[in-house]
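The next block holds one structure in the form of structure tokens; read it before the comments.
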Amino acid sequence: MTELIDKLRSRIIEVLELQEITPEEIDPDEQLVGGRFEIDSIDVMELVILLEKDYGVFIDSKELGAEVLKSVRAMATFVESKQSTA
């Protein structure tokens, strides 16, 4: 899972254009939405699209989205759980 977390951290920085942050500065358990990254609704959509395009996993409800986008580790856990059942 460590490799997936590292990839997700890099992609989050790229997609959300967080130039002042390095992947290592993102704690895998740190709150994404509502945290220090100031992620807004557009950013949330960008993260959902990232998961769909990069990993072929879909978030089909607001509740699931809130759970999956809690942290980088939550995103990685969701991706791994969906890929293992595919």
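Read-outs: derived from the displayed coordinates by stated rules, not from any lab. Just so it is clear, the model here is predicted, and its values are computed rather than measured. Virtual Cβ from ideal backbone geometry, glycine too; neighbours counted across all protein chains shown.
Laid out as a table, the results:
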| read-out | value |
| --- | --- |
| Residue-by-residue Karplus 3J(HN,Hα) for the range 39-44, coefficients 6.51, -1.76, 1.60, Hz, glycine and proline x | 6, 9, 5, 5, 4, 4 |
| Cβ-derived FRET efficiency at R0 25 Å, Ile21 paired with Ser41, nearest 0.05 | 0.80 |
| Additional length obtainable on full extension of the chain from Glu14 to Phe58, 0.36 nm per residue less Cα span | 13.8 nm |
| Of Ser71, Ser41, Ser61, the one that fluctuates the most in a GNM where the chain has Cα springs shorter than 10 Å | Ser61 |
| Cα-centred dipole magnitude for the chain, charges only on beta-carbon of K, R (+1) and D, E (-1), debye, nearest 20 | 320 |
| Loop-located trypsin sites (Lys or Arg not before Pro) in the chain whose Cβ has at most 15 other Cβ within 10 Å (DSSP) | Arg36 |
| Where labels lie 7 Å past Cα in the beta-carbon direction, separation of Val48 and Ser81 in nm | 1.8 |
| Karplus 3J(HN,Hα) series, Hz, for the range 18-28 with 6.51 cos²θ - 1.76 cosθ + 1.60 (x for Gly, Pro) | 9, 4, 7, 10, 9, x, 5, 7, 9, 5, x |
| Relative contact order computed over the chain (Cα-Cα under 8 Å; 6+ residues apart), in percent | 36 |
| Helix 2-15 axis, angle to the chain major axis (alpha carbon atoms, nearest 10°) | 60 |
| Backbone HN-Hα couplings from phi across the range 77-82 [Karplus 6.51/-1.76/1.60, Hz, Gly and Pro as x] | 4, 5, 4, 4, 5, 6 |
| Positive-end residue, the chain charge dipole about Cα centroid, Cβ charges, pick of Gln83, Phe37, Met1 | Gln83 |
| Charge dipole (debye, nearest 20) of the range 42-84; +1 at Cβ of Lys and Arg, -1 at Cβ of Asp and Glu | 100 |
